[in-house]
1. Just to be sure I understand, how many residues within the range 195-209 are open to solvent by 50 Å² or more (accessible area, probe 1.4 Å) and more than 25 Å from the chain's Cα centre (by Cα)?
2. Quick check on the range 342-374: of everything there that is in a loop (DSSP other than H, G, I, E, B) and over 20 Å from residue 27 (Cα atoms), which residue is most open to solvent (accessible area, probe 1.4 Å)?
3. What residue, of 34, 26, 48, is modelled with pLDDT of 90 or more, surrounded by 14 or more Cβ atoms within 10 Å (Cβ to Cβ) and within 13 Å of the ligand (Cβ to nearest atom)?
4. So the check is Cβ under 6 Å with 6+ separation or different chains; which pairs have a first residue in the range 45-57 that's within 22 Å of residue 102 (Cα to Cα) and a second one that's within 8 Å of the ligand (Cβ to nearest atom) and of a type in the set (S, T, N, Q)?
5. Quick one: what pairs do we get from the range 262-288, first residue under 19 Å from residue 222 (Cβ atoms), second open to solvent by less than 70 Å² (accessible area, probe 1.4 Å) and at pLDDT below 95, C-beta under 9 Å, 6+ apart or different chains?
6. All but one of (1) under 30 Å from residue 103 (Cα atoms); (2) open to solvent by less than 50 Å² (accessible area, probe 1.4 Å) hold for residue 173; which doesn't?
7. With respect to residue 141, determine if the residue is free of Cβ contacts under 8 Å to residues at least 60 places away in the same chain, more than 12 Å from the ligand (Cβ to nearest atom) and farther than 29 Å from residue 306 by Cβ.
Amino acid sequence: MNAPLPRSAAPCGGIDLHQEQGQRAVFCGLTGIVWLHRKIQDAFFLVVGSRTCAHLIQSAAGVMIFAEPRFATAIIDERDLAGLADANEELDRVVTRLIERRPDIKLLFLVGSCPSEVIKLDLSRAAQRLSSRLNPVRVLNYSGSGIETTFTQGEDACLAALVPDLPREAETSTPALLIVGALADVVEDQFLRMFSAMGIADVRFLPARRAGGMPAVGRNTRYLLAQPFLTETARALDERGARRLAAPFPLGAEGTTGWLFAAAEAFGVSALAFEAAIAPGRARAETALAPHREKLGGKRVFFFPDSQLEVPLARFLARELGAELVEVGTPYLHRAHLAAEIEWLPAGTRVTEGQSLDDQMDRCRAARPDLTICGLGLANPLEAEGLSTKWSIELLFTPVQGYEQAGDLAELFVRPLRRRALLEV
Ligand code: SF4
């Protein structure tokens, strides 16, 4: 499952930056459906793909036996691939039947895949056609294909597809804060309480929990990225006139403070009000992190490129837990979005952008790190070789942002070490 990724130019801050190209081992963008379908509660994700795509989604999301699932795959079979059937007609038929059967669906995403790209099925035209036919159900499209996207880029593509559809904020409105990136509801609520304590009242989220509640965006929108992999979404918001607030990402106590501070600064919150709003949460986070520091301090950590969360996570592990970074691999290093994070990485940290799988495996084996953060496909072989691993995908499924989750985030890295210790006993 390979995808071409944008390249960027070295050098970069005080890090030791390398760029690699070659074989990659990363999930495709369909994976994002697993957390997005839980987030937008009246949306449905229809993958236009093959049985392989259906298996991926089904096994990644688990089988939802007791609920009506909010995702499915319209299978393109051999007849369609050979161009023998009118795939558009078939797609219209499947979608119409779905909407008749499920009146709860208000927003439908047609999600492209490798097979739909191979037969050059134009999903954007299909989405327009179906949107006017099924009004008021909104039909949008994006690609989750492994040819175009990796893993978390699926969320980026989905949110970027939403932006042109967002209501336009009036030019005369007062500035509003927009948080961009899917967060667990509980995390959103915690942030809302903190912003409100600072006096920032108009806070919106993209994506919203319901299709009808998507935020208005305009020139007076100031946005904070909650995830580091939202390149296209940020570009679309910039084109709408919104302004990004430069910040680290809200992982760990330090990252969360920096992230909240960026909003406080932009909205003129006084130092006193900011400190009063964050102090209790920050103290709880620091208390929760203390016992984990003992276990992770001095541990050598190796990141394979997977989720694009690697740089903020590495910063958290190094600065707040005392871990030693052997190598930080990332599929793509967005210089501007990650500027604050790069600044915080220990000087000389080896960061690898892109991937040449065999070379990286060799470096990992030679280094014998205490902990390797990697995709599911690499974890088993590395475990069999006696290395402790953490699946990076877990960091997307688990609420990890904000003060209250800082301890849980550290615990995710401690668990494989504990398991390895038990196995060795
Ligand atoms: Fe595989 Fe491509 Fe389908 Fe992803 S979109 S599951 S890479 S065939």
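The values are calculated or read from the model by the stated rules, or taken from the named source; none is laboratory data. The structure presented is a predicted model; accordingly, all values stated were derived computationally and were not measured. We place every Cβ from the backbone using ideal geometry, glycine too, and count neighbours over all the protein chains shown. Note: accessible area is taken over every heavy atom of the protein model, side chains too, but ligands, DNA and RNA are not part of it. Shrake-Rupley method; radii C 1.70, N 1.55, O 1.52, S 1.80 Å.
1. Residues in the range 195-209 being open to solvent by 50 Å² or more (accessible area, probe 1.4 Å) and more than 25 Å from the chain's Cα centre (by Cα): 4 in total.
2. So the residue we want is 368.
3. It is 48.
4. So the pair list comes out as 47/113; 49/113.
5. What qualifies is 266/175; 267/175.
6. Every condition holds for residue 173 apart from (1).
7. The answer is no for residue 141.
Here is a yes/no grid of residues against (1) within 14 Å of the ligand (Cβ to nearest atom); (2) open to solvent by 30 Å² or more (accessible area, probe 1.4 Å); (3) modelled with pLDDT under 90:
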position	(1), (2), (3)
90	no, yes, yes
108	no, no, no
114	yes, yes, no
122	no, yes, no
132	no, yes, no
137	no, no, no
146	yes, no, yes
150	yes, no, yes
162	no, no, no
